[in-house]
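Quick notes on the structure that follows.
Readers should treat all values here as calculations from the given coordinates under stated rules, not as data from a laboratory. What you see is a predicted model; the values in this text were computed from it and never measured. With ideal geometry, Cβ positions are generated from the backbone for all residues, glycine too; neighbour counts draw on all protein chains shown.
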There are 2 protein chains.
Amino acid sequence: MNSIRTIFPALFLSLLFCGTAIAQELAWTEIENGIWKANVGEPEDISLLKAAEIHPQVGALNQLPAAVFPFIKDKIKTKMVDGKVYLQFPLSREEQIFGLGLNFKTVHQRGRIMRLHVDHYGGEDNGRTHAPVPFYVSSKGYGVLVDAARYITVYVGTGVRVDADDPPVVRDRNTDKDWSAQPYSDAVEILVPAKGTDIYVYGGSTPLEAVQRYNLYNGGGYLPPKWGLGFTQRVPTLYSQGDILKEAKDFEAHDFPLDFIGVEPGWQSMSYPCTFEWDKTRFPDPKRFIGDLSDMGVRSNLWMNPYVSPTGTLYPKLEGLTGSHTVWNGVVPDLMLQETRDILKDHFVQNHINIGVSGYKIDEVDGYDFWVWPDVATFPSGYSGEQMRQVYGLLIQNMTAKWFKERNQRTYGLVRASNGGASALPYVIYNDYYSHKDFITALVNSSFIGVLWTPEVRASKTAEEWLRRMQSVCFSPMAMLNAWADGTKPWSFPKVEAAVRDVANLRMQLLPYIYSTFSQYHFEGLPPFRAMNLVDGFTYDANVAEGELDSTDNPYKLAIKSEIKDQYMMGDNILVAPMFAGEKQRKVIIPKGKWFDFYNGEFVGENEVITITPGLDKIPLYVRDGGIIPMIPAQRQAPKNGEKSNLIIRYYGTKEGEFVLYDDDGVSFDFEKGQFSKVNILIKKDKKGILRGTIGSPAKGKPYGYNKKVTWEFMTKSTDKKQ
Amino acid sequence: MNSIRTIFPALFLSLLFCGTAIAQELAWTEIENGIWKANVGEPEDISLLKAAEIHPQVGALNQLPAAVFPFIKDKIKTKMVDGKVYLQFPLSREEQIFGLGLNFKTVHQRGRIMRLHVDHYGGEDNGRTHAPVPFYVSSKGYGVLVDAARYITVYVGTGVRVDADDPPVVRDRNTDKDWSAQPYSDAVEILVPAKGTDIYVYGGSTPLEAVQRYNLYNGGGYLPPKWGLGFTQRVPTLYSQGDILKEAKDFEAHDFPLDFIGVEPGWQSMSYPCTFEWDKTRFPDPKRFIGDLSDMGVRSNLWMNPYVSPTGTLYPKLEGLTGSHTVWNGVVPDLMLQETRDILKDHFVQNHINIGVSGYKIDEVDGYDFWVWPDVATFPSGYSGEQMRQVYGLLIQNMTAKWFKERNQRTYGLVRASNGGASALPYVIYNDYYSHKDFITALVNSSFIGVLWTPEVRASKTAEEWLRRMQSVCFSPMAMLNAWADGTKPWSFPKVEAAVRDVANLRMQLLPYIYSTFSQYHFEGLPPFRAMNLVDGFTYDANVAEGELDSTDNPYKLAIKSEIKDQYMMGDNILVAPMFAGEKQRKVIIPKGKWFDFYNGEFVGENEVITITPGLDKIPLYVRDGGIIPMIPAQRQAPKNGEKSNLIIRYYGTKEGEFVLYDDDGVSFDFEKGQFSKVNILIKKDKKGILRGTIGSPAKGKPYGYNKKVTWEFMTKSTDKKQ
């Protein structure tokens, strides 16, 4: 054996390699209350937050409690390795990690390797998804964002370093039954294939608070127009303007809610690639068509993808402003260039928005690889195919959002690709994957990463599946039936037509609650649809011993260990436990505190796992003790600007309660200038200990949108009644 | 709309980006007869061919016909994009592409996107596989190698460039039924994430000739020792030396062939991580154990993976010479450092090879990602985790191969990871995937990329499956039963024991043919097991009209369009058409010229698709017209050095034929110094037109290994008999 080591020459050699293993100390700056930023190497001049053009909500951030930096700073390590950025964050034994993209099958990300890459979801949680957001939230109450428009790899407690602080036990596979193929790892390790990146740490006392900071720093969640929260139907692709008007009338005839209608590719004179021009045969008079819809109170949303057909008028205008590769023979506009955006804006505003189009569905900006531009593609702005892939969804959301914002008009649409920094963008993500269960898991996961997701309904094999899917979608950010391919209607399954209408009407009745919930997203950064892991009582408890975790008496502890991916919160008060076709029964994890059945107010449980057999006609919903649910009578369309509704206030349980009812004009951005109302609804015990409801004096603004008359519904019978 | 373009500033900006879109002209040099090399950017100082340490067979290359450069040179384009190498090679309409790694499901690679990455095969042909060789062969008769130790992405006719020479037709998806989601592409585009790379083009008049050049440039195919081509059994993991000796005796008792035995992890005092030291309980006297086996004529092969246990004696010696991350708690030796290799050599030679160990099975150097070092890992040599992942299999093959070569001793072993340049390395690839059909497709694909593959047998649910798998593996580079987990024996299914023995004996009888076939691999670069697409008559025909391709009368043309992945050639003369459990019948594509049944010599077809119902006891084998198959009588072990065998020469068909029978000592590298024989076996028509066999005067060397007495078997009855 050689006794003299060649280690010194080897080290010297390694310094010659470009960027190999050069360690860097991080300088963390608290840029906002509880948010720290540092950079490694030379961050690129495009990033996710830059593409999303975020505008931090500084005031709201300052209202959050102060936070301490969640790591021992020198335990975060970084170096340049092989010309790329290496990052290492500590991970403790009892810590769980959430986020890292819109995942469809898993909620717990510890132990996974995520290659974050904008793509169509391929059936596996490996980082390739519509919103591969490089942000993770720890059960310990902090978040980390790597703000790079690159294919980032995150090893979430998988790699084991020789220099681990908390190394695993060495075992002999020959004889030791406890040998494991994946020994314990004490770190999150990240590879960013770029010369530098910004990184952000979001503090918090809970995971939810870290998520709030993430959303508020991104500008706060988007507040949809009221009509955006009503029901929407997308029509078959080759429907003419006459067909669509008839469709809207059919909704009237069936007394089914309809706030906006989605017009699929056939509105264009050519699609895949697109002209973005109305087809003269199917749409001879688009302005009149949009006007006729509008007269029925129905908004319109136009399908598009961004690939420009050589047969359209936009094509010659974009010469020199598109990428090296085509997608379905369409050129790809380079959205990093102001000139490109200006040309598109001229066309879209003039031909669509000026005649009343209310929004877009932006398709196929995600992938998959065989369709979109390859990584070898180049763009005139100089950005790479990889960078463009990671930000294109953000760029097109931001560009189109501005077209509406400049008119002081809210929009609400659909998009297939998003990424970090998207909280304030007016789009809901959707895809073609169509697994009902996994759609719900995506809804759960969307809450960690500042995006919205709709478990849209398309078709169903059975009436049961149809109803179960319609029930779920009514408890999501967009209640949408997408019938582009097969023309199904809400009433296509007569056996369950009544129950489908019931749940659609229930969504309409809940609009005051839902709208207030979205206002929390905007003003406080609270996700409107929320994973149970973000709910108080499901958070990290360092004192929990492992042996105790399996008990059904102890669901919070169980919750730490097992994924909760089939139930979620809508706002602060309503727990949603969707049912899936073929299943008559399910388990629901009921959090701490007493919980009550939404429909009859009865007590259902407290800090336990219950098994329910709810029947077909209702989606199981539970309300926390003291929960107040403001509602309106069922109506086919969301309240218009100036319309006043009667308020019905439901109350559940036995505790005192409080709810902030938010309202504004529902259509403009005047709320950003203070034109909104916040009214405190209070349930208090009087001197005799009897619960009574009062509308407090407005916390903010004069009350919008509600008549003075209020109906109080004390749902839980054992309590005392009424004001 | 803006009329003044910002295109000039945009272009200027793009020049500021490091490496963005800087085109480079390629300077092609013909470095050997029909092989051209060029480089792009600054090639890295590790590459696949460098890791494999190739030694081109210049003499053999010079004996191939001259070739013309297969492209119009300026149609090959390259530039630096985003700090990476971009390559573009033309692709014509009727061209098919083969290779690009050890694929298990597909043979045709056109239309695929391959991300070449050393990994356990995951069930999808996406570039992640045990040998993701960045070499492709065109049906037009040329090959391209990108010699970079990087995760290379190859878009094989998928991306469509705006500047395409042969652009697809623009269609409207709304109304045109011929619209396609994947429009026609006229190029192979490649992204190499490195500052530079060497590229090679291999010319040829056929795809096979291009493959020959690839293999010869790599040093020619490895010629296994004769014992390596006999039967091998791997024993259960915790077998003791006594158990293994008993196993060898059981083979004798069952009169079943056995040339070498594989010893699994339990030989080590600790495995996963490994000590590479004999376990004193199970192997109290390793030297005697190896000696006892040797006395029975049985060689030994030791399992290993390279991850070094802290409990072993090697560990302290390797301090400072291992990677930043552990694998199963073992450190990863940095094989780029000579000192590391020296330390390992000392240990392995002293403790294993000096006492008679004949080879290794090198496990788990492929992946998967959760087990091996992550891409963020660093190594003292300065090479990155990515580079090490791509070459580790080559490095460890080359290192261990040299230990044996320095002793003038041939070895033959197993490895889980390989890559470009591996032709001359003494290892056969295997894995855990275990789909019989896909194993055969891998065998087909191995022939394009200079690697060997064994469809090893482990277990089976039924006797039928057992027999079918045993039949296939006997027609592969390594006839192996791998019983590490469950201890099956060749005779474990009594119902088919006789048929299993028959096919094992048939392999032993065929050794002269197989050994000569491997000599072609070494001396001429011809793959011993060969895809039908490499066989004359299956090659590209530019004049074929599309409409004609489906006819069963026209199998070559059909062959261009449909993948042939379940039949292959063993050497020049034997077509193997394996049967799979549950299938009683199959189709076989019979090439041009008359073909004959191996077992009875009967004519079976000519240029057509036949359907066969072969029964359980035999694997369908066909011999071409004029095919000569030299054999020996069945024996349990391959002929030892100095042993003389009786030669049996089978002849099929009606044409005159010729075969070059190769032989040498079977164990040493003396053949490289000319110590071998090549004897011409001729079947010629005499003056009366009657076929007669003669052994011609030796073309090279004095005849090795055969007695003078030769038995001639004219298998096809209609022809005249005998010498």
Quick one: what does P(r) look like for region B:573-665 with 10 Å bins over all Cα pairs, in whole %? 15, 39, 29, 16, 2
Cα centroid separation, region B:625-669 to region A:415-451 (Å): 66 Å
Hey, for A:R288 with labels 7 Å out along Cα-Cβ, what do the inter-copy distances come to in nm, ordered shortest first? 10.4
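Per-residue counts of other Cβ atoms within 10 Å, averaged by peptide: what ranking do you get for B:705-711, A:127-133, highest first?
On the way: B:705-711: 14.3, A:127-133: 26.9.
In descending order of packing, they fall as A:127-133, B:705-711.
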Using only the Cα atoms, what convex hull volume per residue in Å³ does region A:23-217 have? 131 Å³
Considering amide H positions built from the backbone, and no H for Pro or chain starts, which residues 5 or more places from B:I152, or on another chain, come under 5 Å of its amide H? B:L116
Could you pull the copy-to-copy label distances for B:A23, with points set 7 Å along Cα to Cβ, in nm to one decimal and sorted shortest first? 4.7
Residues A:Q24 and A:D617, FRET efficiency given R0 of 60 Å [Cβ-Cβ distance, rounded to 0.05]: 0.50
Checking the table A:K37/A:K195; A:K249/A:K461; B:K246/B:K280; B:K361/B:K678; A:K655/A:K717; A:K640/A:K678 against a 21 Å threshold on Cα-Cα, which pairs fail? A:K249/A:K461; B:K361/B:K678
Label A:L682 and A:K709 with points 7 Å out from Cα along Cα→Cβ: what is the distance between them in nm? 2.6 nm
Calculate the mean, over all residues of peptide B:366-376, of how many other protein chain Cβ atoms lie within 10 angstrom of the residue's Cβ. 6
Exam field: B:A485 pseudo-label spacings to other copies (7 Å along Cα-Cβ), nanometres: 3.6
Roughly speaking, what is the stretch gain from A:Q182 to A:N600, that is 0.36 nm per residue apart minus the C-alpha to C-alpha distance, in nm to one decimal? 145.6 nm
Normalise the Cα radius of gyration of chain B by 2.2 N^0.38 Å (N = residues in it) and let me know the number. 0.98
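Among the GluC sites (Glu not before Pro) in region B:154-248, which ones are in a DSSP loop with at most 13 other Cβ atoms within 10 Å of the Cβ? Mind listing them? Please report the intermediate quantities before stating the final value.
On the way: sites: B:E189, B:E209, B:E247; in loops: none.
Sparse-neighbourhood loop GluC sites (Glu not before Pro): none present.
Given the pairs B:K584/B:K684; A:K84/B:K405; A:K345/A:K700; A:K50/A:K84, which span a C-alpha to C-alpha distance of over 28 angstrom in this model?
Details: B:K584/B:K684 38 Å; A:K84/B:K405 39 Å; A:K345/A:K700 36 Å; A:K50/A:K84 20 Å.
Where the Cα-Cα span goes over 28 Å, the pairs concerned are B:K584/B:K684; A:K84/B:K405; A:K345/A:K700.
Per Stokes-Einstein, at 4 °C and 1.567 mPa s, what whole-number D in µm² s⁻¹ belongs to region A:226-525, with the Kirkwood radius over Cα pairs as the hydrodynamic radius?
Details: Rh = 19.8 Å.
For the chosen part, D equals 66 µm²/s.
Can you compute the helix-only [θ] at 222 nm over the protein assembly as shown? Use -39500 (n - 2.57) per DSSP H run of at least 4 residues, normalise by all residues, nearest 500 deg cm²/dmol. Display every interim value, and only then the final one.
Numbers: 28 runs with 300 residues, N = 1446.
One gets -6000 deg cm²/dmol as the mean residue ellipticity at 222 nm.
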Among B:I610, A:S294, B:V144, flag the residue with its Cα farthest along the positive direction of the charge dipole of the protein assembly as shown, charges on Cβ as +1 for Lys/Arg and -1 for Asp/Glu. B:I610
Residue list for region A:325-363, given a label point 7 angstrom along the Cα-to-Cβ vector of A:K402 and an amide N cut-off under 15 Å: A:334-349
If the cut-off is 12 Å between C-alpha atoms, which aspartates and glutamates fall inside it for A:K73, apart from same-chain ones fewer than 8 positions away? A:E25
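Restricting to chain B, what percent of DSSP beta bridges are antiparallel, rounded to 5?
Numbers: 86 of 118 bridges.
If I count the DSSP bridges inside chain B, around 75 percent turn out antiparallel.
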Using only the alpha-carbon atoms of region B:102-179, report the extent along each of the three principal axes, biggest first, to the nearest angstrom. 44, 28, 23
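So what's Rg/Rh here for the protein assembly as shown, counting alpha carbon atoms and using the Kirkwood radius for Rh? Could the numbers behind the result be given before it?
Values: Rg = 35.4 Å, Rh = 35.0 Å.
When Rh is taken as the Kirkwood radius, the ratio is 1.01.
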P(r) tail fraction, region A:429-545 - alpha-carbon pairs more than 19 Å apart, %: 52 percent
DSSP bridge pairs, region A:226-525: antiparallel proportion in percent, nearest 5: 15 percent
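To the nearest whole number, what is the average tally of beta carbon atoms from other chains within 10 Å of the beta carbons of peptide A:190-199? List each step's numbers first, then the result.
Working: counts 1, 7, 1, 6, 2, 2, 0, 0, 0, 0.
Per residue, the average neighbour count from other chains is 2.
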Output wanted: per-residue J couplings in Hz (rounded whole) for region A:562-571, from phi through Karplus 6.51 cos²θ - 1.76 cosθ + 1.60, θ = phi - 60°, x for Gly and Pro. 10, 6, 10, 10, 10, 8, 7, 9, 9, x
Dividing the convex hull volume of the alpha carbon atoms of region A:160-305 by its residue count, what do you get in Å³ per residue? 304 Å³
Each residue of A:180-188 has, on average, a number of other protein chain C-beta atoms within 10 Å of its C-beta equal to 2
Return the sequence-ordered ³J(HN,Hα) values of region B:38-46 in whole Hz as given by the Karplus equation 6.51 cos²θ - 1.76 cosθ + 1.60 applied to θ = phi - 60°, using x for Gly and Pro. 8, 10, 10, x, 10, x, 6, 8, 10
Can you pull the percent of Cα pairs in region A:61-158 with separation above 23 Å? 29 percent
Please identify which residues in region B:457-499 have an amide N closer than 19 Å to a label point set 7 Å out from the Cα of B:K249, following the Cα→Cβ vector. B:489-491
Tell me which residues come under 5 Å, amide H to amide H, from A:T326 once H is placed; ignore anything under 5 positions away on its chain. B:V160, B:R161, B:V162
Report the one residue of A:V660, A:P698, A:I619 whose Cα lies farthest in the direction of the positive end of the charge dipole of region A:606-711 (charges on C-beta: Lys and Arg +1, Asp and Glu -1; origin at the Cα centre). A:P698
One finds the C-alpha centres of region A:29-77 and region A:605-621 to be spaced, in Å, by 41 Å
